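Participant: What follows is a structure written as structure tokens; I'll ask about it next.
The values are calculated or read from the model by the stated rules, or taken from the named source; none is laboratory data. Keep in mind it's a predicted model, so treat the numbers as computed, not measured. Because the Cβ atoms are built from the backbone with ideal geometry, glycine has one as well, and the counts that use them run over all protein chains shown.
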Amino acid sequence: MHIYSFLSASMALILAGCGNPVGSPKVESEIQHTAVAPGERVLDGRFDDWAESEHAHADGRWVWLRFEPQTRPTQAIQAAPYSTRVRIDADMKATTGRSMEMPRGGDEAMHEQPQGVDVLIAFSPINELGELGIGTGVERYDADGSGEEIGHAAMGVACLPTYASEQYELRLDRLGPGSDVLPASGQIGVIVDQVDAKGTTLWSERFVVELPERDSEQGVLDAALPERAADGVRVMSANVLFSSPLKTPEPFKRVLDATKPDVILYQEWFRSERAQVEGWLKQYAGDAWELHFPDEGAGVAIATRHPILARYDEVLPPSGEGRPARACAALIETDAGELLAISVHLKCCGSAGSDEDLTRIDQAKAINAFIDWVHEQHPDAMVVIAGDFNLVGSRTPLEVMARGLGVNGDDLEPAQVRVLGDSTAVTWVDAKSRFGPGRLDWMLYDGSRSALGKAFMLDTRVLSDAALLSMGLERDDSEASDHLPMVVELGRRE
């Protein structure tokens, strides 16, 4: 489970140091007409699938937007000292929907005509008290301008990266239950802006998106689980949401049977005794599994069907009085050779530069130094680090943890893992949360010692009935945790 912290009022003072200070807003008013572009899109917080000047793409199922805000300093979009808004005019009529002033700049004649907003998506939204909030809000408006909060899940709103970035990509589901406000085909007008708590524009851009004919129904995702490699090791990272397998074991049992991992890096076996977790593994995974669970309060554990050669309890210093360090490691003998496996659950909450973010950076430094120390004794061991990195501030913890640990001083590499059958790398989903889907879980591996093979995340909610039946899964299995299981195969690099 992930909990974002509330922003303190003092965070608003950061705006005074922005590149576009209050009172001198930078407004880009050029309208860009973006045609449907060929090629696949993946919502992963990377932008190599976008042309340099491309800001929008649409197909029968999805609307994709890319924007590069100029407000500085950058902050995680769902917990920022300013609000980022996506204003959609679905019928291209200024007289319907909520009337919102056009941003200043450029064509002043256009500014005289307000935008008729039919959908407003707000990250770090401004609440009724005129204060900046956290998370993602989605509101749709009737023709007369009356509004209704519908929640991010109603339109399948997802935006990555989850950490502070100079650009973001956003995906909307045209077949979501709240997306009937969008036309079946034709143009929609989009304004993306950033405003402070008073509504003063800090930055904006606007463009028109051409929507092709909408799909008549959701595509059937008849994806199949990849076959296991004969000479590799299959590693799964699994956040089990406050020891949920003890309360509802069946979904976790089905996922375990379907994915067939060799090593499981667990997080959130909270408030569970070691004997309880060992008993669960014996009952639902089999007698062949070993468990490394050094601290019952930390919730991190490693389970494997292979021999454990060495167990490491102290990978990180404690997080504070009464708060154990949430990381453990084990050296495992696998079919692909020795594997140093580390399960992590970094400090949650905060924003870029916050105390929580600095703690994550310190934790990353400690893990990096630990791996360097183990490599002195086991120079050929492969490395995998996985778990809930909680990158809701800066990306720096990931970069620091990966730095210089390869054979020739190369960095560890983040595994690029997609949801099976879907074009997204989202790892955390909670439809009822104020926060939209995010990428909180990561897996780093040593590309100088091992090769990345098959990789996937599993979300049973997006798969067809036939696919679920073939895998022995049920539709609601992914509801058992708010994190998706991440699975990769590693093979020895010769």
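Participant: Which one is surrounded by the most Cβ atoms within 10 Å (Cβ to Cβ) among residues in region 448-494 that are closer than 25 Å to I332 by Cα and in contact with a Gly (Cβ under 7 Å, 6 or more places away or on another chain)?
Facilitator: Going through the qualifying residues, I end up with L490.
Participant: Quick one: in region 454-476, of everything that is of a type in the set (S, T, N, Q) and assigned to a helix (DSSP H, G or I), which residue is farthest from Q78 (Cα to Cα)?
Facilitator: Ranking the qualifying residues of region 454-476, first place goes to S470.
Participant: Right, next: Count, please, the residues in region 430-473 that happen to be of a type in the set (G, A, S) and in contact with a strand residue (DSSP E or B) (Cβ under 8 Å, 6 or more places away or on another chain).
Facilitator: 7
Participant: Still on this structure, please answer the following. Can you find a residue that is among the polar types (S, T, N, Q), part of a loop (DSSP other than H, G, I, E, B) and in contact (Cβ under 8 Å) with a residue 40 or more places away in the chain anywhere in region 444-453?
Facilitator: Yes; the residues of region 444-453 include at least one that is among the polar types (S, T, N, Q), part of a loop (DSSP other than H, G, I, E, B) and in contact (Cβ under 8 Å) with a residue 40 or more places away in the chain.
Participant: Would you be able to say whether some residue in region 247-263 is assigned by TED's automatic domain parsing to the domain that holds W428 and over 23 Å from R475 (Cβ atoms)?
Facilitator: Yes, region 247-263 has at least one match.
Participant: Residue under question is S433, and the condition is that it be crowded, with 20+ Cβ neighbours inside 10 Å and touching a helix residue (DSSP H, G or I) at 6+ places or on another chain (Cβ under 9 Å); does it hold?
Facilitator: Yes: the conditions hold for S433.
Participant: Please give the number of the condition Q218 fails out of (1) assigned by TED's automatic domain parsing to the domain that holds I332; (2) over 26 Å from L444 (Cα atoms).
Facilitator: (1)
Participant: Output the number of residues of region 388-419 satisfying the condition of being within 22 Å of D476 (Cβ to Cβ) and in contact with a helix residue (DSSP H, G or I) (Cβ under 8 Å, 6 or more places away or on another chain).
Facilitator: The number of residues fulfilling the criteria is 1.
Participant: Here are some conditions: (1) among the aliphatic types (A, V, I, L, M); (2) modelled with pLDDT under 95; (3) under 20 Å from V208 (Cα atoms); (4) surrounded by 14 or more Cβ atoms within 10 Å (Cβ to Cβ). A109 meets all but one. Which one does it not meet?
Facilitator: Of the numbered conditions (1) among the aliphatic types (A, V, I, L, M); (2) modelled with pLDDT under 95; (3) under 20 Å from V208 (Cα atoms); (4) surrounded by 14 or more Cβ atoms within 10 Å (Cβ to Cβ), the odd one out for A109 is (4).
Participant: Filter region 354-373 down to the residues that are surrounded by 15 or more Cβ atoms within 10 Å (Cβ to Cβ) and more than 14 Å from L316 (Cα to Cα) and list them by number.
Facilitator: S354, E356, D357, L358, listed by residue number.
Participant: Within region 48-88, count every residue that is in a loop (DSSP other than H, G, I, E, B), in contact (Cβ under 8 Å) with a residue 24 or more places away in the chain and under 20 Å from the mean Cα position of the chain (by Cα).
Facilitator: 10
Participant: Does R271 meet the test of being surrounded by fewer than 21 Cβ atoms within 10 Å (Cβ to Cβ), touching a Phe, Trp or Tyr at 6+ places or on another chain (Cβ under 9 Å) and in a loop (DSSP other than H, G, I, E, B)?
Facilitator: Yes; evaluated as a whole, the condition is true for this residue.
Participant: Which of (1) part of a loop (DSSP other than H, G, I, E, B); (2) among the charged types (D, E, K, R); (3) at pLDDT 95 or above is the odd one out, the single condition E333 does not satisfy?
Facilitator: Every listed condition holds for E333 apart from (1).
Participant: Of the residues that sit in region 133-172 and are buried (at least 17 other Cβ atoms within 10 Å of the Cβ) and at pLDDT below 95, which one is farthest from D430 (Cα to Cα)?
Facilitator: Only one residue fits best here, namely G133.
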